[in-house]
Amino acid sequence: MNKNCRICGEKLTKIFDFGKQPLGNGFLDEQNFKDEYFFDMEVGYSQKSFMFQLINQPDPKKMFHENYAFFSSTSNHMKNHFKNFYQELIDSEYKIEKNNSFVVEIGCNDGILIKNFSDSGFKHLGIEPSLNVANVAKKNNINILNSFFNKNISEKIIKNFQKVDLFLAANVMCHIPTIVEVVSEIKKSLSEKGIVVFEEPYLGDVIEKNSYDQIYDEHVFLFSGHSIKYLFNIFDLELIDMKHQSTHGGSMRYYLANKNQYKIKESVNLFLNNEKKLNIDNLSGFDAFNNNIKKSKNDLITILNELKAEGKKVVGYAATSKSTSILNYCDIDKNLIEYICDTTPIKIDKFSPGMHIPIVSYQHFLDNPPDYAFLFAWNHQNEIFEKEHEYRKLGGKWITHVPEVKIF
Ligand code: TYD
């Protein structure tokens, strides 16, 4: 059990205990129910490094492997988002140029972001530990190393390529328990004027929206400006800009560089001050969060039981990793949610981690429309509502738990 902060080594203060949880993306077949893996999911906070983190995390090899169930490119909205991300970097003052800059993405998944650089002829490299998604990226003509990013890989990069001008990551850094080693290797392989840009679910949003479902095995950390500043400062890298994003229910894009290379943007102070107002730079910010999680569970179970008593058909929409935390923490099984539909082929005909609710195809949802659909992919609400106006027109209703449990 890791009772100490992975960043500064100080003792963690426990914030919340979610009990036994399976792997967020551990969709499984019936024959594997009996050996399903569970871990004690508790979150803690370090008052020194400001880092919000899981106290225990399963071995990353259990989570990121040849059958990883998450393909980034399942959302069109995310494809556009990453295209815009690319364009913003190209247009920035950091001189990201196709003839000069070497771009490396850590955890590039199926290539949704780095594809924009490879398509434009940039010298690039994607590093991805999960073989199945890495193979999709390869098919998209992306240069790939199938590995975790570590000392060996960074030495290989320096030896075989050149120093990195742009390090990218999206929804990856918060997955890496050995992040101190990763940042140390980033520092060694970053060119003098190079920048590190990554975006991850933002702790400020999780607290404000009570989106506790962002806490699952893969998210070993939930970052804030305070914790990122502390972590990168260990290696003389400074936080030069922060940009809030609407993706994943509220994310933050962080920009870091070697000290004194670029002017620190005003946004950094603005966000740091806002974090102070939210009290996520100290323990008191988590008291209300703690109560809100418990209230959310109560409200959700009450609503689902009422709907069941009324004989309503209730299903889940999108088998997200996030849904695993809600279902297991709230102890919701197929008696309350008949099925969960999803568009990812690898998840279909499997069962949800822990609670074993059947995962069915999107077509099944269209053929068997429910009275109520729990929007597990609440972060893709706009995209999904556009697609589902027919469901709505026929009287279908949605359930959400963010920022509080409600039917709409
Ligand atoms: P996401 O919120 O990115 O998942 P996670 O919590 O795992 O990070 O949602 C991705 C999942 O949602 C993926 O399994 C596909 C599914 N999905 C649908 O089934 N239909 C949709 O319209 C969208 C946008 C996603």
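The values are calculated or read from the model by the stated rules, or taken from the named source; none is laboratory data. Predicted model only: the values in this text are computed from it and were never measured. Every residue, glycine as well, gets a Cβ built from its backbone with ideal geometry; the counts of neighbours run over all protein chains shown. Accessible surface is based on the protein model in full, side chains and every heavy atom, while ligands, DNA and RNA are left aside. Shrake-Rupley method; radii C 1.70, N 1.55, O 1.52, S 1.80 Å.
Which of the strands (runs of 3 or more DSSP E) found entirely inside region 189-294 contain at least 1 residues meeting this: open to solvent by 50 Å² or more (accessible area, probe 1.4 Å)?
On the way: elements: 190-201, 237-245, 251-258.
By residue number, 190-201, 237-245.
State which residue is most open to solvent (accessible area, probe 1.4 Å) when the search covers only region 307-322 and only residues that are under 18 Å from Lys397 (Cβ atoms) and touching a residue at least 60 places away in the same chain (Cβ under 8 Å). Full working, then the answer.
In the first step, residues of region 307-322 are kept if they are under 18 Å from Lys397 (Cβ atoms); the result is 307-318.
Cutting the leftovers down to touching a residue at least 60 places away in the same chain (Cβ under 8 Å) gives us 307, 312, 314, 316-318.
Numbers: Leu307: 8, Lys312: 83, Val314: 7, Gly316: 0, Tyr317: 12, Ala318: 14 Å².
Checked region 307-322; the qualifying residue most open to solvent (accessible area, probe 1.4 Å) is Lys312.
Can you confirm whether Asp349 is more than 9 Å from the ligand (Cβ to nearest atom) and either surrounded by fewer than 23 Cβ atoms within 10 Å (Cβ to Cβ) or among the acidic types (Asp, Glu) (or both)? Spell out the reasoning first.
Working: more than 9 Å from the ligand (Cβ to nearest atom): yes; either surrounded by fewer than 23 Cβ atoms within 10 Å (Cβ to Cβ) or among the acidic types (Asp, Glu) (or both): yes.
Yes: the conditions hold for Asp349.
Of everything in region 29-45 that's touching a residue at least 60 places away in the same chain (Cβ under 8 Å) and outside any strand (DSSP E or B), which residue is nearest to Phe221 (Cα to Cα)?
Initial filter on region 29-45 (touching a residue at least 60 places away in the same chain (Cβ under 8 Å)): 29-30, 33, 36, 38-39, 41, 43, 45.
Restricting the remaining residues to those that are outside any strand (DSSP E or B) gives 29-30, 33, 36, 38.
Details: Asp29: 29, Glu30: 31, Phe33: 28, Glu36: 24, Phe38: 19 Å.
So, considering only residues that are touching a residue at least 60 places away in the same chain (Cβ under 8 Å) and outside any strand (DSSP E or B), the one nearest to Phe221 (Cα to Cα) is Phe38.
Would you confirm whether any residue within region 25-40 is among the aliphatic types (A, V, I, L, M) and modelled with pLDDT of 95 or more? If you could, list the steps in order and put the result at the bottom.
Here is the first cut: in region 25-40, the ones among the aliphatic types (A, V, I, L, M) are 28.
After this cut, where a residue has to be modelled with pLDDT of 95 or more as well, the list is 28.
Yes, region 25-40 contains at least one residue that is among the aliphatic types (A, V, I, L, M) and modelled with pLDDT of 95 or more.
Go over the candidates Ile55, Ile90 one by one and state the one that is closer than 30 Å to Asn282 by Cα, away from the ligand (no atom under 16 Å from the Cβ) and among the β-branched types (Val, Ile, Thr). Write out each step before concluding.
On the way: Ile90 fails: closer than 30 Å to Asn282 by Cα.
Of Ile55, Ile90, the one residue that is closer than 30 Å to Asn282 by Cα, away from the ligand (no atom under 16 Å from the Cβ) and among the β-branched types (Val, Ile, Thr) is Ile55.
Let's see how each residue does on (1) of a type in the set (D, E, K, R); (2) more than 22 Å from Gly194 (Cβ to Cβ); (3) in contact with a Ser or Thr (Cβ under 6 Å, 6 or more places away or on another chain); (4) in contact (Cβ under 8 Å) with a residue 40 or more places away in the chain:
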{"site": "Asp59", "(1), (2), (3), (4)": "yes, yes, no, no"}
{"site": "Asn76", "(1), (2), (3), (4)": "no, yes, no, yes"}
{"site": "Glu105", "(1), (2), (3), (4)": "yes, no, no, yes"}
{"site": "Lys115", "(1), (2), (3), (4)": "yes, no, no, no"}
{"site": "Glu128", "(1), (2), (3), (4)": "yes, no, no, no"}
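Restricting to region 109-143, count the residues that are in contact with a helix residue (DSSP H, G or I) (Cβ under 7 Å, 6 or more places away or on another chain) and within 22 Å of Lys62 (Cβ to Cβ).
Number of matching residues: 4.
Each row is one residue, and each column tells you yes or no for (1) acidic (Asp, Glu); (2) touching a strand residue (DSSP E or B) at 6+ places or on another chain (Cβ under 7 Å); (3) at pLDDT below 95.
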{"position": "Tyr202", "(1), (2), (3)": "no, yes, no"}
{"position": "Asp205", "(1), (2), (3)": "yes, no, no"}
{"position": "Ser211", "(1), (2), (3)": "no, no, no"}
{"position": "His226", "(1), (2), (3)": "no, no, no"}
{"position": "Leu231", "(1), (2), (3)": "no, no, no"}
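Within region 360-382, identify whether any single residue is farther than 13 Å from Val315 by Cα, away from the ligand (no atom under 11 Å from the Cβ), open to solvent by 40 Å² or more (accessible area, probe 1.4 Å) and touching a strand residue (DSSP E or B) at 6+ places or on another chain (Cβ under 7 Å), and answer yes or no.
No, region 360-382 contains no residue that is farther than 13 Å from Val315 by Cα, away from the ligand (no atom under 11 Å from the Cβ), open to solvent by 40 Å² or more (accessible area, probe 1.4 Å) and touching a strand residue (DSSP E or B) at 6+ places or on another chain (Cβ under 7 Å).
What are the residues in region 46-59 that are in a loop (DSSP other than H, G, I, E, B) and hydrophobic (A, V, I, L, M, F, W, C), if any?
Phe50, Met51, Ile55
Does any residue of region 100-107 turn out to be within 16 Å of the ligand (Cβ to nearest atom) and not hydroxyl-bearing (Ser, Thr, Tyr)? Steps first, please.
As a first pass, look at region 100-107 and keep what is within 16 Å of the ligand (Cβ to nearest atom): 107.
Right, trim to not hydroxyl-bearing (Ser, Thr, Tyr) and you get 107.
Yes, region 100-107 contains a residue that is within 16 Å of the ligand (Cβ to nearest atom) and not hydroxyl-bearing (Ser, Thr, Tyr).
Identify all residues within region 272-306 that are more than 25 Å from Gly204 (Cβ to Cβ), in contact (Cβ under 8 Å) with a residue 12 or more places away in the chain and among the charged types (D, E, K, R); write none if there are none.
Of everything in region 272-306, nothing turns out to be more than 25 Å from Gly204 (Cβ to Cβ), in contact (Cβ under 8 Å) with a residue 12 or more places away in the chain and among the charged types (D, E, K, R).
Consider Ile337 against the criteria (1) among the β-branched types (Val, Ile, Thr); (2) touching a residue at least 60 places away in the same chain (Cβ under 8 Å); (3) closer than 20 Å to Gln381 by Cβ: it satisfies all of them except one. Which criterion is unmet?
Status for Ile337: all satisfied but (2).
Mind checking whether some residue in region 386-395 is within 11 Å of the ligand (Cβ to nearest atom), surrounded by fewer than 23 Cβ atoms within 10 Å (Cβ to Cβ) and modelled with pLDDT under 95?
In the first step, residues of region 386-395 are kept if they are within 11 Å of the ligand (Cβ to nearest atom); the result is 386-388.
Filter once more, so that each one left must be surrounded by fewer than 23 Cβ atoms within 10 Å (Cβ to Cβ): 386-388.
From the residues that got through so far, the ones that are modelled with pLDDT under 95 too are 386-387.
Taking every residue of region 386-395 in turn, at least one turns out to be within 11 Å of the ligand (Cβ to nearest atom), surrounded by fewer than 23 Cβ atoms within 10 Å (Cβ to Cβ) and modelled with pLDDT under 95.
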